[in-house]
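To start, the structure under review is shown below, and the notes come after it.
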Amino acid sequence: MRAWVLLSAVLWYLIGVAWQRFSESTSKGFIYGKPGHPVKIYVKLHHNSPVLVCMDFKRAKKETVDPSYFWIGPNEKALTGSNRINITKTGKLIVKDFLEHLSGLYTCTLSYKKIKAETQEENIEKQRYDFMIFAYREPDYSYQMAVRFTTKSCIGKYNDLLFRVLKKILDNLISDLSCHVIEPSYKCHFVKIPKHGLVHELFIAFQVNPFAPGWKGTCNDSVDCEDITNRNILLARDRIEEFFRSQANIYYHDFNKTIPAMHFVDHSFQVVRMDSCRPGFGKNEGLHSNCASCCVVCSPGTFSPDVDVTCQTCVSVHTYAAKSCP
């Protein structure tokens, strides 16, 4: 039986019984340095970094004689080629499968020669470029929703029965997406409706969450599981929105003038997206304006112990992605 049909039947029974990012790039995706200014770059967790060029854009347009490149990583040690670090002969750096602990300051020193044509005198020129790289991940989405139903009275068991049946219907509607309804609640209020007098209404609120029991089974060993859970929660949001839209259509087109006393209040459906970040990550629009919607790795001096949206201060933390304060 379709969900809207089931709810309609319940309503009639009750009456009968009483919602990679980076800052400096070119069309080729290269990130150039800026003399005297660190360039902020955001790399999605488990993805490759963009191509970092050990040169500024103006220098890249000029002839450079005998260039050499020296990269230093966040641990202040020289970077060499490995399975994760790729440095080309022209000084370009790519960090593969980026992880939390790889966040930090990457510095490259470009050395090259300036030669006086008339004397062939050679001078060594050096320029340093700083890149601040931060791991980020997408926030986990959930949706806070609210609806209203009319009722005959604020007293009686039928209000509670409607509330429980509605939750069960919604859970069944999205169960295949590993989503579920959490923190459901309702209150009954008297509402003065223009030209209709005083009406009793149930104000129902609930959250739709993508982490129903067994949700990890949907990930299929994917490292970007938030992409899967976020896709599922978006589908769940759309299904629930369509469900309540169908409730309004039922009473307009099917029941005509015989609308039951307990029915969905048209246009009462409201939805707000709620973001959360995994431990070790948080949002900071002031510090990370180019990735304001991202969950960015917590920097040294901060930590995030649980599913929240901000990193908290802790002066004893000296690493990235801290989940506790020693």
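Rundown of residues vs (1) at pLDDT below 90; (2) within 23 Å of the chain's Cα centre (by Cα), yes/no style:
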position	(1), (2)
G197	yes, no
I204	no, no
P210	no, yes
W215	yes, yes
F244	no, no
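Residue count for the range 164-190 under the criterion of being surrounded by 15 or more Cβ atoms within 10 Å (Cβ to Cβ) and in a strand (DSSP E or B): the result is 5.
Scanning the range 262-282 for residues that are surrounded by fewer than 16 Cβ atoms within 10 Å (Cβ to Cβ) and at pLDDT below 90 yields D266, H267. For the range 191-211, residues that are surrounded by 18 or more Cβ atoms within 10 Å (Cβ to Cβ), touching a strand residue (DSSP E or B) at 6+ places or on another chain (Cβ under 6 Å), within 20 Å of R237 (Cβ to Cβ) and not aromatic (F, W, Y) total 3.
Scanning the range 82-114 for residues that are farther than 27 Å from P300 by Cβ, of a type outside the set (S, T, Y) and assigned to a loop (DSSP other than H, G, I, E, B) yields K89, G91. Looking only at residues of the range 37-81 that are small (G, A, S) and at pLDDT 90 or above, we find that the one that is nearest to the chain's Cα centre (by Cα) is S49.
Looking at the structure I just gave you, is V296 crowded, with 20+ Cβ neighbours inside 10 Å, at pLDDT 95 or above and assigned to a strand (DSSP E or B)? Against the criterion (crowded, with 20+ Cβ neighbours inside 10 Å, at pLDDT 95 or above and assigned to a strand (DSSP E or B)), V296 qualifies.
On inspection, K114 qualifies as within 17 Å of K58 (Cβ to Cβ) and of a type in the set (D, E, K, R). The set of residues in the range 191-215 that are of a type in the set (D, E, K, R) and outside any loop (DSSP other than H, G, I, E, B) comprises K192, E201. No other residue among A236, A248 is in contact with a strand residue (DSSP E or B) (Cβ under 9 Å, 6 or more places away or on another chain), of a type in the set (A, V, I, L, M) and either at pLDDT 90 or above or not assigned by TED's automatic domain parsing to the domain that holds K167 (or both) apart from A236.
When the residues of the range 127-163 are narrowed to those that are part of a helix (DSSP H, G or I) and in contact with a strand residue (DSSP E or B) (Cβ under 9 Å, 6 or more places away or on another chain), which ends up surrounded by the most Cβ atoms within 10 Å (Cβ to Cβ)? It comes out as N159.
If the condition is being buried (at least 17 other Cβ atoms within 10 Å of the Cβ) and either among the small types (G, A, S) or under 15 Å from V272 (Cα atoms) (or both), then the range 240-249 contributes only I240. Scanning the range 216-241 for residues that are assigned to a helix (DSSP H, G or I) and under 19 Å from H46 (Cβ atoms) turns up K216, T218, C225, E226, D227, I228, T229, N230, R231. Pairs only if they're at least six apart or on different chains, beta carbon under 6 angstrom, first in the range 189-203 and within 18 Å of F269 (Cα to Cα), second among the basic types (K, R) and surrounded by 10 or more Cβ atoms within 10 Å (Cβ to Cβ); list them, first residue then second. Partner pairs satisfying both residue conditions: E201/R148; F203/R148; F203/K187.
The values are calculated or read from the model by the stated rules, or taken from the named source; none is laboratory data. No experiment lies behind these values; they were computed from the predicted model shown. Positions of Cβ are backbone-derived with ideal geometry, glycine not excepted, and every protein chain shown enters the neighbour counts.
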